[in-house]
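Asks: The following block contains the structure, expressed as structure tokens.
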Amino acid sequence: MSAPTTTPNSLGSSRPSGSLAAVDLGLYGVTVFAWGASWIALKLQVGVVAPEISVLWRFAAGAIIMAAWLALRGKPWRFPLVAHLRFAAMGACLFCFNFLFFYYGAKSIPSGLMSVVFSTAAIVNLFLAALFLGAPLRPRTLLAAALGMAGVGCLFWPEIVGADLNWAAVGGLGYCFLGTLFFCVGNIVSLGTQARGIPVLSANAWGMAYGSAILAVLGLIRGQEFTVEPTASYLLALAYLAVIASVVAFASYLTLLGRIGAGRAGYVTVMFPLVALAISSVFEGYQWSPIAAFGAVLALSGNLLILTGPKGQPKR
């Protein structure tokens with residue numbers, strides 16, 4: 001039997017191609033479960049506080065936590081101006097407009113339809129990585145992404161067919177597609193930052209700081225009140241979103257992104273709706289229909305393809 005081939009990852013190391021290493025599976029699982037549970041936390045924040053301000057509190061808290069961690073661990077935090085331009089781009093894409101546009105879209109379309117839109121990140125990541133990083137478009141990965149998107153579509157089919165697609169709903173869909181595009185562009189910026197040797201945690205801390213600054217400016221321009229809803233549900237949701245869904249999940253996801261490439265890492269956007277629905281089954285009484293169960297099988301099949309295929313790293 002011949003020895004397994006090795007493919008260098010985007011950060012310079014190498015390991016056997018094919019199935020993910022244990023550390024990659026760990027990062028993948030943390031990201032899927034952390035973001036999957038974040039939907040119910042987001043729902044608890046909608047209503048009283050303006051979206052710009054809720055997102056601001058989330059990433060301002062995340063930036064403070066990460067800055068404290070960097071200081072305690074003696075990690076680098078001083079970087080040249082050109083690096084700060086990349087941090088600002090990351091902040092705008094991943095820690096500002098990505099979330100804002102989904103908050104705006106939530107006003108006019110069902111949450112299930114938003115999840116379907118966001119699952120297209122699995123496809124958009126592939127094409128952006130091919131366009132800007134020279135990553136190959138592998139048929140296996142495209143098939144996996146298509147299966148995943150079809151699965152998510154089946155999971156939320158009742159909401160999709162029940163959506164009133166008036167002009168407001170069309171606008172909501174547009175917002176969600178913009179949010180997805182910002183997320184994917186932020187992925188490409190993060191890959192470029194990691195390729196220049198900047199640690200993920202340092203880049204995230206600065207990115208969250210810049211994203212918070214942009215949100216603060218937007219809040220001032222729009223005349224929003226910088227308030228916090230003084231309820232246990234809002235504050236607990238904020239704590240979860242700031243610590244788990246922001247600090248932990250983004251660190252895990254962006255590290256995974258640098259290790260296995262945009263196409264495979266982007267598949268988490270297909271998987272976390274399954275976690276969200278499982279949580280909804282327990283806490284909100286979600287009922288699994290036959291088409292939803294079929295959608296889960298499709299999504300899991302795509303997941304098997306994406307996790308066992310060749311890595312397809314972007315060229316450096």
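The values are calculated or read from the model by the stated rules, or taken from the named source; none is laboratory data. As the structure is a computational prediction, the values presented were derived from the model and not from experiment. Note that each Cβ is placed from the backbone with ideal geometry, even for glycine, and that neighbours are counted across all protein chains shown. When the accessible area is computed, the model is the full protein with side chains, heavy atoms only, and any ligands, DNA or RNA have been set aside. Shrake-Rupley method; radii C 1.70, N 1.55, O 1.52, S 1.80 Å.
Asks: Return the residues of the range 234-258 that are open to solvent by 50 Å² or more (accessible area, probe 1.4 Å) and modelled with pLDDT under 90; say none if nothing qualifies.
Replies: Within the range 234-258, none qualify.
Asks: Residues of the range 282-316 being at pLDDT below 80, open to solvent by 40 Å² or more (accessible area, probe 1.4 Å) and hydrophobic (A, V, I, L, M, F, W, C), which ones?
Replies: 282, 283, 288, 300, 304, 305, listed by residue number.
Asks: Let me ask something else about it. Which of the residues that make up the range 202-229 are open to solvent by 60 Å² or more (accessible area, probe 1.4 Å) and among the hydrophobic types (A, V, I, L, M, F, W, C)?
Replies: 206, 217, 220, 221, 226, 228
Asks: Moving to a separate point now. Is one or more of the residues making up the range 60-74 buried (at least 18 other Cβ atoms within 10 Å of the Cβ), touching a Phe, Trp or Tyr at 6+ places or on another chain (Cβ under 9 Å) and within 19 Å of residue 269 (Cα to Cα)?
Replies: No: zero hits.
Asks: Among the residues of the range 177-229, how many are farther than 16 Å from residue 251 by Cα, of a type in the set (A, V, I, L, M, F, W, C) and assigned to a loop (DSSP other than H, G, I, E, B)?
Replies: 2
Asks: Let me ask something additional. Can residue 83 be described as open to solvent by 30 Å² or more (accessible area, probe 1.4 Å), farther than 30 Å from residue 270 by Cα, in a helix (DSSP H, G or I) and of a type outside the set (Phe, Trp, Tyr)?
Replies: Considered against the rule, which asks whether it is open to solvent by 30 Å² or more (accessible area, probe 1.4 Å), farther than 30 Å from residue 270 by Cα, in a helix (DSSP H, G or I) and of a type outside the set (Phe, Trp, Tyr), residue 83 comes out as no.
Asks: Okay, moving on. Only one of 39, 35 is under 28 Å from residue 106 (Cβ atoms) and touching a Pro at 6+ places or on another chain (Cβ under 9 Å); which?
Replies: 39
Asks: Please count how many residues of the range 149-176 are modelled with pLDDT of 80 or more and outside any helix (DSSP H, G or I).
Replies: Total satisfying the criteria: 0.
Asks: Counting only residues that are open to solvent by 30 Å² or more (accessible area, probe 1.4 Å) and within 26 Å of residue 242 (Cβ to Cβ), give me the helices (runs of 4 or more DSSP H) lying completely in the range 87-148 with at least 2 of them.
Replies: Fully inside the range 87-148 and qualifying: 98-105.
Asks: Given the structure, is residue 279 closer than 29 Å to residue 258 by Cβ, at pLDDT 65 or above and part of a helix (DSSP H, G or I)?
Replies: yes
Asks: Under 6 Å between Cβ atoms, which residue pairs at least 6 apart in sequence (or on different chains) link something in the range 290-302 that is β-branched (Val, Ile, Thr) with a partner that is modelled with pLDDT under 80 and in a helix (DSSP H, G or I)?
Replies: Hits for this filter: 291/157.
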